[in-house]
Amino acid sequence: MNFKINATKYVSSLTISFIGSESFKFASSIYIYRITGDIWLVSLLYLLIQLPSMFVYFVSPWLVKKFKNDRLALFLRDMTSLVSLVLPIVLFFTVDKYSFSMSLIGISTFLGLVHSFRFIYLKNIIFFISKNNEEMKKYNTFSSLATSLGVTISLFFSYFLYNKLEFFWLIVFNMLTYIISGFLYFSLKTSKESAIFHKSEFNKKTNLKKHKILSWIYILAGSAIIGFFTFPKTQGLTQIFDFMKNDYNVETWGFYISLIFSVFGILGTIITLMLLKTKRLKTKKTLVEYSLCAIILLSLILVIVFFANSKNEVMFFTFVSIVSLHQLLFSIFLSYFYSNSYEMFDQKSFHKQNGYSIVFRVVLSSILFVLFTLSSKQLDYRYTFVFYAALLLLFTSLIIISTFLRRRYKKVETEQKKEII
């Protein structure tokens, strides 16, 4: 099993898959907002994309146990998505624009359900395409890189197709990406036996119990952040434009700002790839913690600017600058977070934590997105961002504290082992 060839296929398939799905989702949100002018419908779109997938995530431990062919599962997922896009092509030519915009919500909901299978089996296939922890960490970083590249490239395609051609061509383009990515997924070479990434560092039952509790706190807090961290560049993007609608327009600026956010996300992943080459393990760990702290500090700066300056120009460009840096810092954290999740749990427990943590993420983010939208409508976007920043502070604190305590317990047990020897 050649790592470089497999890694190239993995990155290519994931990138192409994201190009199609993200361009369709982004263009759909802009199309719905342009036709209806209702930010609630945009929020409903993103909400319904997530909610139906909860059932799939909840049964994911059973699912990967019963259907073990990861490559075939990923291939069938893309083929199902391909077939489902026949309906919007028919509707595009048979109904009015408003009705078509409403149909996009339903179609995107179904695609969100189907895409949830991709996430589950992409997680599981890591056990069969990686030989050791180092390869696993590389694949997780490649996954972040592919996601960032896919989102960035999808913006170009969605902008070009959306502005230069009919929406129909965006659907056709999306179908082509599913065909290519599906066959690339199916061509991946896998091992018959799964790799082992988890190794218990604790012998005493009391320390082992504390480790499990702290690991779950770390995973749930990280999942929560992943869930609502996308708000400023998804629903929040249309809401800040709605807040400043006299000066800025989402159809003019939305593409450029989303592109900037995506580019900074890629830069963060590139930094992570560079860190993988260094042997200074302590540097890697501290950089992740510093990244999380920097996210909080930047959020507080933006809150101050929001309330200290009444000029839309200052608020708007400060928002773009800080959220861009957020994307860079978050990309650094994300790769290590996913790698840590493999090392904290064995394969059997991994799928349980993966499924349950994602359900928690979806439920929490769905509730928060509704509350964020309600806050923006009843108050204004500045207060929404204060709420968002406060939640970032809460869950980031939980991650840092749980990480500190896990290291502390590990150090204590290591010292106890030395005393026994």
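The values are calculated or read from the model by the stated rules, or taken from the named source; none is laboratory data. Keep in mind that this is a model prediction, so the values were computed, not measured. Don't worry about glycine lacking a Cβ; one is built from the backbone with ideal geometry, like all the others, and counts go over all protein chains shown.
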From the option list MET315, MET344, single residue qualifying as closer than 25 Å to ASN132 by Cα and touching a residue at least 12 places away in the same chain (Cβ under 8 Å) is MET344
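Can you confirm whether THR36 is in the same structural domain as TYR185 (by TED's automatic domain parsing) and under 22 Å from LEU374 (Cβ atoms)?
So THR36 passes the test.
Could you please let me know if LEU47 is surrounded by 14 or more Cβ atoms within 10 Å (Cβ to Cβ) and either part of a helix (DSSP H, G or I) or aliphatic (A, V, I, L, M) (or both)?
yes
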Can we say ASP346 is at pLDDT below 80 and surrounded by fewer than 21 Cβ atoms within 10 Å (Cβ to Cβ)? yes
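Yes/no matrix, rows are residues, columns are (1) buried (at least 21 other Cβ atoms within 10 Å of the Cβ); (2) among the acidic types (Asp, Glu); (3) under 24 Å from LEU51 (Cα atoms); (4) in contact (Cβ under 8 Å) with a residue 40 or more places away in the chain:
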position	(1), (2), (3), (4)
ALA308	no, no, no, no
SER321	no, no, no, no
ILE358	yes, no, yes, yes
SER375	no, no, yes, no
ASP380	no, yes, no, yes
LEU393	no, no, no, yes
Going through (1) at pLDDT below 85; (2) part of a helix (DSSP H, G or I) one by one, LYS68 fails only at (2)
Does SER335 satisfy the condition of being touching a helix residue (DSSP H, G or I) at 6+ places or on another chain (Cβ under 7 Å), crowded, with 18+ Cβ neighbours inside 10 Å, within 29 Å of LEU51 (Cβ to Cβ) and at pLDDT 85 or above? no
Condition test on SER366, is it without any contact (Cβ under 8 Å) to a residue 40 or more places away in the chain and crowded, with 17+ Cβ neighbours inside 10 Å? no
Of SER148, SER99, the only residue that is among the polar types (S, T, N, Q) and touching a residue at least 12 places away in the same chain (Cβ under 8 Å) is SER148
What number of residues in the stretch 34-45 are among the hydroxyl-bearing types (Ser, Thr, Tyr) and modelled with pLDDT under 80? 1
Restricting attention to the stretch 230-275, the residues that are surrounded by fewer than 22 Cβ atoms within 10 Å (Cβ to Cβ), at pLDDT 75 or above and touching a Lys or Arg at 6+ places or on another chain (Cβ under 7 Å) number exactly 1
Sort out which residues of the stretch 191-229 are at pLDDT 80 or above, surrounded by fewer than 16 Cβ atoms within 10 Å (Cβ to Cβ) and touching a helix residue (DSSP H, G or I) at 6+ places or on another chain (Cβ under 6 Å), and write them in order of number. SER191
Looking for something modelled with pLDDT under 85 and of a type in the set (Lys, Arg) - is there at least one such residue anywhere in the stretch 354-363? no
Residue that is modelled with the lowest pLDDT, among those in the stretch 305-324 that are of a type outside the set (Gly, Ala, Ser) and not in a helix (DSSP H, G or I): ASN309
Helices (runs of 4 or more DSSP H) contained in the stretch 73-187 and holding at least 1 residues within 26 Å of GLY355 (Cα to Cα): 97-129, 133-164, 167-186
